[in-house]
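Q: Please find one structure pasted underneath; my questions will follow.
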Amino acid sequence: MKGIVFTEFLDLVENKFGLEMVDTIISQSELESEGIYTAIGTYSFSEMLQLLQNLSNNTNISIDNLLLVYAEHFFSVIENSYPGLLATYKDPIEMLSSIENHIHVEVRKIYPEAELPTFIVESKTEKSLVMIYKSSRAMHHFGLGLMNKTFEHFNSTADIVLEKIKEDGTEVKFIINKN
Ligand code: HEM
């Protein structure tokens with residue numbers, strides 16, 4: 001997992017819960033990095049999992065809800081860091097249906113070692129999109145948060161329903177209906 005995902009996560013934890021919470025979750029985790037991350041580095045996903053689990057234990061907020069809030073923050077990082085990529089799109093359904101064959105393709109050019117999910121478009125109309133998310137990392141709520149913010153970015157809203165295809169969340173159907 002890319003370092004930017006860790007540095008932005010720890011910044012958000014500091015802003016919402018304070019520097020003490022950052023220290024607490026780092027010391028409660030067994031981190032090869034020792035909790036020292038650079039934006040361009042690459043670290044084990046298990047480090048993120050431990051940080052999330054310990055934050056969840058200390059705050060009584062579920063990992064899914066933490067990922068949802070974190071993704072909404074991460075979208076503004078994307079807006080600031082990759083404005084050109086977003087400017088390619090005029091419509092949220094067009095953008096979301098292009099993650100797999102454009103957006104994340106570009107991300108992989110910037111970060112060849114990025115660990116990205118697979119999104120398979122099942123059906124698409126002007127106002128609706130059904131996509132299957134597949135990833136061993138089961139970060140579907142990170143996807144949900146990015147999708148919510150994608151609609152907001154285009155001054156729009158949508159109903160987004162998640163249906164787990166696999167109980168462990170490694171395969172999830174997203175049913176998206178634009179309002
Ligand atoms: C992961 C970039 C749009 C879904 C990531 C990662 C980066 C990235 C850097 C982390 C990879 C790693 O740590 O190895 C971007 C950029 C985008 C974009 C620059 C737009 C310009 C989206 C959108 C979605 C999405 C709109 C909506 C569903 C995900 C998910 C992950 C991810 C779910 C977590 C990894 C996983 O589930 O396996 N993306 N992304 N991304 N992205 Fe994107």
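Q: Ordered by residue, what ³J(HN,Hα) values in Hz, to whole numbers, does the range 86-94 give under the Karplus form 6.51 cos²θ - 1.76 cosθ + 1.60, where θ = phi - 60° and Gly and Pro are x?
A: Calculated HN-Hα couplings, in order: 6, 5, 5, 10, 10, 9, x, 5, 4 Hz.
Q: If you don't mind, another one. Over the range 3-61, what is the relative contact order in percent, taking alpha-carbon pairs closer than 8 angstrom and at least six residues apart? Don't skip to the end; give the middle numbers.
A: On the way: 43 pairs, mean separation 24.3, N = 59.
For the range 3-61, the relative contact order is 41 percent.
Q: What does the net charge come to around Lys149 if you take all other residues with beta carbon closer than 13 Å to its beta carbon, with K and R at +1 and D and E at -1?
A: Values: positive: none; negative: Glu72, Glu79, Glu152.
Charge balance near Lys149 sits at -3.
Q: Hey, what's the chain come to in accessible area per residue, 1.4 Å probe, Å²? Before the final figure, lay out the partial values.
A: On the way: 9310 Å² over 179 residues.
Here the per-residue accessible area is 52 Å².
Q: On to the next question. Work out the length of the dipole vector of the chain about its Cα centre, built from +1 on the beta-carbon of each Lys and Arg and -1 on the beta-carbon of each Asp and Glu, and round it to the nearest 20 debye. Please report the intermediate quantities before stating the final value.
A: Working: 14 positive and 26 negative charges, 129 e Å.
The dipole magnitude comes to about 620 debye.
Q: Let me spell out the model: positive unit charges on the Cβ of Lys and Arg, negative unit charges on the Cβ of Asp and Glu, origin at the Cα centre of the range 3-61. What dipole size does that give, in debye rounded to 20? Let's see the in-between values first.
A: Numbers: 1 positive and 9 negative charges, 38 e Å.
So the dipole magnitude of the range 3-61 works out to roughly 180 debye.
Q: Ignoring ligands, DNA and RNA, what percent of the accessible area of the range 1-100 is carbon or sulfur (1.4 Å)? If you can, show how the numbers build up before the last one.
A: On the way: 2570 of 5040 Å².
Answer for the range 1-100 is 51 percent, counting heavy atoms of protein chains only.
Q: Using the Cα atoms of the range 25-179, I'd like the radius of gyration and the largest Cα-Cα distance, Dmax, both in angstrom.
A: When restricted to Cα atoms, the range 25-179 yields Rg and Dmax of 16.0, 48 Å.
Q: Please compute, for the alpha-carbon atoms of the range 3-61, the extent along each of the three principal axes and give them in descending order in Å.
A: So the extents along the principal axes, rounded to whole Å, are 29, 21, 16.
The values are calculated or read from the model by the stated rules, or taken from the named source; none is laboratory data. On a predicted model such as this, the values are computed, not experimentally measured, just so you know. When we count neighbours, we look across all protein chains shown, and the Cβ atoms used for this are built from the backbone with ideal geometry, even at glycine. Just so you know, the surface numbers come from the protein's heavy atoms only, side chains and all, with ligands and any DNA or RNA stripped out. Shrake-Rupley method; radii C 1.70, N 1.55, O 1.52, S 1.80 Å.
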